[in-house]
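The next block holds one structure in the form of structure tokens; read it before the comments.
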Amino acid sequence: CRIENCDSCFSRDFCTKCKTGFYSHRGRCFRGCPPGFAPLEELMECVEGCEVGQWSEWGTCSRNNKTCGFKWGLETRTRQIVKKPAKDTIPCPT
């Protein structure tokens, strides 16, 4: 295994188990998780804090609850939470 701090490898470039004190993330071993990921202490892995779906289509332009033209209004779109974050990890975006 060519990966530093790796205890067990799937291949030369993919770690399946990191040495004690290191977190596994995409086949590599890190002292801490990269931005956007949270440590899952039980498994010593980095997990995504929250997973959200695709954005919806843009809604119609509106201002003061009335449909408007292409100027001076507000269009909105939404997305759903696909997977809630693990407890006490990174919260979902607004």
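The values are calculated or read from the model by the stated rules, or taken from the named source; none is laboratory data. What you see is a predicted model, and the numbers here were worked out from it, not measured in a lab. Note: ideal-geometry Cβ built from the backbone for every residue, glycine included; neighbour counts use all protein chains shown. Accessible surface is based on the protein model in full, side chains and every heavy atom, while ligands, DNA and RNA are left aside. Shrake-Rupley method; radii C 1.70, N 1.55, O 1.52, S 1.80 Å.
Computed values, structure above
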| read-out | value |
| --- | --- |
| Segment 1-86: GluC sites (Glu not before Pro) in DSSP coil with no more than 14 other Cβ atoms inside 10 Å | Glu4, Glu41, Glu42, Glu57, Glu75 |
| For the chain, average projected area of the Cα convex hull in nm² | 9.0 nm² |
| Given 11 as the ceiling on other Cβ atoms within 10 Å, longest exposed-site-free region of the chain for chymotrypsin sites (Phe, Trp or Tyr not before Pro) in DSSP loops | 1-54 |
| Dipole of the chain, positive end: most advanced residue of Cys9, Leu74, Gly36 [Cβ charges, Cα centre] | Leu74 |
| Heavy-atom accessible area per residue - the chain, 1.4 Å, Å² | 81 Å² |
| Computed E for Arg77/Ser11 - FRET, C-beta separation, R0 35 angstrom, nearest 0.05 | 0.25 |
| Computed label-point distance, nm, for sites Val52 and Arg26 using a 7 Å Cα→Cβ extension | 2.1 nm |
| Gain in span if fully extended, Thr67 to Lys84, counting 0.36 nm per residue against the direct Cα distance | 2.7 nm |
